[in-house]
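One structure is given here, and the rest of the page talks about it.
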């Protein structure tokens with residue numbers, strides 16, 4: 001397994017745009033902010049849960065794995081990493097919004 005596939009769970013990470021993310025969340029998807037608690041406290045998307053990427057996958061252990069998840073961060077790097085970690089942990093539908101600014 002290569003370094004990148006260990007980070008991202010195999011294939012190249014995929015992202016969705018803000019409109020698709022908002023639609024998924026409106027339909028019941030979980031919205032995860034994978035930034036630090038300090039970044040989260042400084043501003044986040046309403047309704048988002050803060051699960052820092054450094055705490056994954058254990059930090060998401062209480063979340064339902066059969067529910068779609070949308071992840072975001074500051075620039076997109078941590079959300080791509082989180083997407084792979086969550087997929088490796090058995091989450092069935094993880095969508096990477098990338099940066100919070102894409103919301």
(request) Considering only residues that are over 11 Å from the mean Cα position of the chain (by Cα) and outside any loop (DSSP other than H, G, I, E, B), look in the range 56-70 and name the one that is surrounded by the most Cβ atoms within 10 Å (Cβ to Cβ). (result) 59
(request) Please find, among 83, 87, the residue that is within 8 Å of the chain's Cα centre (by Cα) and assigned to a helix (DSSP H, G or I). (result) 83
(request) Taking residue 25 as meeting all but one of (1) over 13 Å from residue 82 (Cβ atoms); (2) modelled with pLDDT of 55 or more; (3) touching a helix residue (DSSP H, G or I) at 6+ places or on another chain (Cβ under 9 Å), write down the number of the exception. (result) (3)
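Got a number for residues in the range 1-22 being assigned to a loop (DSSP other than H, G, I, E, B) and either at pLDDT 75 or above or surrounded by 13 or more Cβ atoms within 10 Å (Cβ to Cβ) (or both)?
Within the range 1-22, residues that are assigned to a loop (DSSP other than H, G, I, E, B) and either at pLDDT 75 or above or surrounded by 13 or more Cβ atoms within 10 Å (Cβ to Cβ) (or both) number 6.
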(request) Would you be able to tell me the number of residues in the range 94-103 that are without any contact (Cβ under 8 Å) to a residue 40 or more places away in the chain and within 14 Å of residue 32 (Cα to Cα)? (result) 2
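To keep it simple, each residue is scored yes or no on (1) farther than 23 Å from residue 23 by Cα; (2) not in a helix (DSSP H, G or I).
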residue	(1), (2)
43	no, yes
47	no, yes
54	yes, no
72	no, yes
79	no, no
98	no, yes
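The values are calculated or read from the model by the stated rules, or taken from the named source; none is laboratory data. Computed from a predicted model, the values in this text were never measured in an experiment. So basically every Cβ, Gly included, is an ideal-geometry build from the backbone, and we count neighbours across all protein chains shown.
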